[in-house]
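Peer 1: Below you will find the structure I want to go over with you.
Taken together, the values in this text are just the output of simple stated rules run on the coordinates, not laboratory data. Predicted model, so just to flag it, every value in this text is computed and none were measured. In this analysis, Cβ positions are derived from the backbone assuming ideal geometry, glycine residues included, and neighbour counts consider all displayed protein chains.
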Amino acid sequence: MAAVSAAHPQIAAARRVVVKIGSALLVDRQTGLLKTDWLEMLALDVADIQSRGADVILVSSGSIALGRASLSLPAGDLPLEQSQAAAAVGQIELARAYRHALEPHGIRAAQVLVTLEDSEDRRRYLNTRATLETLVGLGVVPIVNENDTIATDEIRFGDNDRLAAQIAVTVGADQLVLLSDVDGFYTASPAQDPNAQRFDVIESITPEIEAMAGDAGSGLSKGGMKTKLMAAKTATKAGCAMVITEGSVMRPLQALDLGAPATWFVAEGDPHVARKRWIASMKPHGSVAVDAGAARALASGKSLLPAGVTLVDGSFGRGEPVEILGPRGRLGQGLCRYTSSEARIIAGHRSGEIAELLGYPGRAALIHRDDMAL
């Protein structure tokens, strides 16, 4: 049996939380209409979390379910082209619904559509991260969904449990909440085994735990317990705690903090430390040398600006790892936001000169502090 503890995190303690919302919670299975009352209560939870100074990112299903109803498409599995058409129609309705729910609380919503390729390609990964970081920095709540209108089976996450885990890793979240149609992880399916017991906390995902997962999902959602365990593995290894809880109640995040039944998966360390460790483990594709002033700035937690760079060596693309060399030797390494040829052009220049030098606006930092391991 996996290790189980009485202590678990709380949403109230989160600095950055990613919340995954399944289709069955948002869309009425019989009518195909949005559950407006439920969404308004979720928005109140989001506003409460933001008011405590934490960042919130929502990973939301529902576009295909909403589009299916609008287009009067039949129940059951749809051909790929019909699913994509439904997603194209439903995505507009979904974005509008979140905007209307969050606006009364003074919160702006943003739509972010991604595919599996965006997480596997380092340049796209960094662009996604930078966009999400900018949005939450401005107090915006990103609404993330898979870009079903263009994704094929080969470039799909396939379910929003795994997508939510990847987003949590991308933004360095410390908590991931899967709002589901079940209230946690059980030793067996409660619907089939009346003696099934729910875990309060799982400290490690053992082969025994994996064997307990079933494949069943609800009529509108694709994710079963196996996909949730996959999400938990991804999140916890990156230092992000994950929880599965029943989400159909009003104010589901508040209910979770007040002790609603749930299963927490314990994080393996801190998300920021885990990210730094990941960056440090990469093989560098080149190097940048910095002057003494830049070295001091990096030591104090600053990003590396082009003005402090004295030499660029090697050939690397955007988002690839490079060594950072100071006057006294190696300082560490980081993910460069420019190609090696671009970095050579802007090296030694102020950030305000980048647009003139490159012919297009760029990012102020050559290597952002969040993408750096010293």
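Peer 1: Name the residues whose placed amide hydrogens come within less than 5 Å of the amide hydrogen of ARG16, ignoring near sequence neighbours (fewer than 5 apart) on the same chain.
Peer 2: ASP55, ASP174, GLN175
Peer 1: Continuing with this model, one more query. Please work out, to two decimal places, the log10 of the ratio I(q)/I(0) at q = 0.15, 0.16, 0.18, 0.26 Å⁻¹ from a Debye calculation in which every Cα of region 47-108 carries one identical scatterer.
Peer 2: The Debye formula, applied to the Cα set alone, gives -0.55, -0.60, -0.68, -1.02.
Peer 1: Here is a follow-up. How would you rank 273-285, 361-373, highest first, on the average number of other Cβ atoms within 10 Å across their residues? Write down the numbers at each step before the final one.
Peer 2: On the way: 273-285: 14.9, 361-373: 19.2.
Order by mean packing, descending: 361-373, 273-285.
Peer 1: Residue by residue through region 274-285, what is 3J(HN,Hα) from phi via Karplus (6.51 cos²θ - 1.76 cosθ + 1.60, θ = phi - 60°)? Round to whole Hz and write x for glycine and proline.
Peer 2: 4, 5, 4, 5, 5, 5, 5, 7, 6, 7, x, 9
Peer 1: Ordered by packing density, taken as the mean number of other Cβ atoms within 10 Å over each peptide's residues, highest first, how do 132-144, 327-339 rank?
Peer 2: 327-339, 132-144
Peer 1: For LYS20, go through the lysines and keep the ones whose alpha-carbon is under 20 Å away, minus same-chain ones fewer than eight residues off.
Peer 2: LYS35, LYS222, LYS226, LYS228, LYS233, LYS237
Peer 1: Quick check: the distance between the Cα centres of region 272-296 and region 345-367, to the nearest angstrom?
Peer 2: When both Cα centres are located, 20 Å separates them.
Peer 1: Can I ask one more? Can you give the FRET efficiency for ARG350 and ARG108, using 1/(1 + (r/R0)^6), R0 = 30 Å, r = Cβ-Cβ distance, to the nearest 0.05?
Peer 2: So, using R0 = 30 Å, E works out to roughly 0.40.
Peer 1: Okay, moving on. Starting from the coordinates of the alpha-carbon atoms of region 282-373, obtain the Kirkwood hydrodynamic radius over all distinct pairs and give the value in Å to one decimal.
Peer 2: Its Kirkwood hydrodynamic radius stands at 12.6 Å.
Peer 1: Sort 15-28, 178-191 for me by packing, meaning the mean count of neighbouring Cβ atoms within 10 Å per residue, highest on top.
Peer 2: Per-residue Cβ counts within 10 Å, averaged per peptide and sorted highest first, yield 15-28, 178-191.
Peer 1: Residues with beta-carbon under 14 Å from that of LEU325, excluding LEU325: net charge, scoring Lys, Arg +1 and Asp, Glu -1?
Peer 2: Details: positive: ARG328, ARG330; negative: ASP291, ASP313, GLU323.
Once all neighbours under 14 Å are counted, the net charge is -1.
Peer 1: On the principal axes of its Cα set, how long, how wide and how thick is the chain? Give whole Å, largest value first.
Peer 2: 67, 48, 39
Peer 1: Taking θ as phi - 60°, what are the ³J(HN,Hα) couplings along region 248-258 by the Karplus curve (6.51, -1.76, 1.60), each to the nearest whole Hz, with x for Gly and Pro?
Peer 2: Result, rounded to whole Hz: 6, 5, 5, 6, x, 6, 5, 4, 4, 5, 8.
Peer 1: May I ask you to derive the FRET efficiency for TYR360 and THR36 from their Cβ-Cβ distance with R0 = 45 Å, giving the value to the nearest 0.05?
Peer 2: 0.55
Peer 1: Let me ask something else about it. So, in nm, how far is label ASP313 from label SER300 when the simple model puts each one 7 Å beyond its Cα toward the Cβ?
Peer 2: The modelled label-to-label distance comes out at 2.8 nm.
Peer 1: Next question. Given only helices, namely DSSP H runs of n ≥ 4 each adding -39500 (n - 2.57), what is the per-residue ellipticity at 222 nm of the chain, to the nearest 500 deg cm²/dmol?
Peer 2: -11000 deg cm²/dmol
Peer 1: While we're here: Full extension from VAL273 to ARG369: what is 0.36 nm times the residue separation minus their Cα-Cα distance, to one decimal in nm? The partial results should precede the final answer.
Peer 2: Working: separation 96, 0.36 × 96 = 34.56 nm, distance 1.27 nm.
That pair, VAL273 and ARG369, stretches by 33.3 nm at full extension.
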